[in-house]
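Have a look at the structure below before the remarks.
Every number in this text was worked out from the coordinates using simple rules, so none of it is lab data. These numbers were taken from a predicted model, which means no experiment stands behind them. Note: ideal-geometry Cβ built from the backbone for every residue, glycine included; neighbour counts use all protein chains shown.
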Amino acid sequence: MTKMNKIYAVILTLIILLLTSCSQESKDRAIQIDSQETKSDKTYLSNTLKEFDLVDLNGVIVNSSKWNNQFKLINFWATWCAPCRREIPLLNKTQNQYNEMSVQIIGIAVDVLEDVISYSQETAFNYPVLVGEEEAVAIAEDSNVEFIGLPFTMLVDNNNEIIKTHIGEIKQHHIDLITEVIIGMQEGKLSILDAKNILGKI
């Protein structure tokens with residue numbers, strides 16, 4: 001082999017090694033990205049409400065397992081929050097409707113117990129109200145849900161999986177769509193992914 005041929009052979013070998021290395025690096029990167037996306041999807045699909053304890057308006061500590069096997073509409077609010085106060089009549093009305101559907105509305109006041117008790121003497125609630133400050137915020141955070149303001153509402157299925165979170169005042173059109181989805185799930189017509197996709201519009 002001539003000197004020139006040897007040089008060509010060395011160059012060709014280096015090119016082959018370089019291409020092989022790049023190909024393997026790309027493959028490894030693709031696997032890593034795919035793994036991250038799969039992990040992200042799994043996190044999204046299995047976002048569950050963690051069990052919690054909070055005090056009620058009678059000063060009794062209540063454990064959330066009391067409402068296991070039920071759909072739950074959990075509404076975080078405060079006495080000083082005007083949109084929160086506006087939601088209460090609609091939530092009262094909705095709970096009457098939900099009594100026939102095995103759905104429980106739960107109010108969680110991110111507030112001082114004495115203030116909530118005082119407010120409840122002026123405003124009727126036909127659904128349970130629990131109270132906490134940091135403890136109430138921790139309920140959302142422990143369930144991998146970002147809590148950034150009030151009012152804040154979570155729809156949770158009968159297996160404690162969080163279907164939808166909503167920041168801002170709940171209106172009648174929200175309730176109508178949520179009710180449709182719950183009925184669809186209870187009748188087996190909608191999967192949890194169907195429900196999340198539908199409620200993603202609000």
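Estimated translational diffusion coefficient (Stokes-Einstein, Kirkwood radius over Cα pairs, 20 °C, 1.002 mPa s) of the stretch 53-199: 139 µm² per second.
Exposure proxy shown here: for TRP80, TRP67, the number of other Cβ atoms within 10 Å sets the order, fewest to most, as TRP80, TRP67.
In terms of modelled amide H atoms, which long-range or inter-chain residues lie less than 5 Å from the amide H of ILE105? Excluding prolines and chain starts, which carry no amide H, the hits are LEU73. In order along the stretch 179-186, the Karplus-derived 3J(HN,Hα) couplings, from 6.51 cos²θ - 1.76 cosθ + 1.60 at θ = phi - 60°, round to 4, 4, 5, 4, 4, x, 5, 5 Hz, and Gly and Pro are given as x.
Computed over the stretch 53-199, relative contact order equals 28 percent, with contacts defined as Cα pairs under 8 Å that lie 6+ residues apart. Going from the fewest other Cβ atoms within 10 Å to the most, the residues HIS174, HIS166 appear in the order HIS166, HIS174. Going from the residue with the fewest nearby Cβ atoms within 10 Å to the one with the most, LYS171, LYS201 rank LYS201, LYS171.
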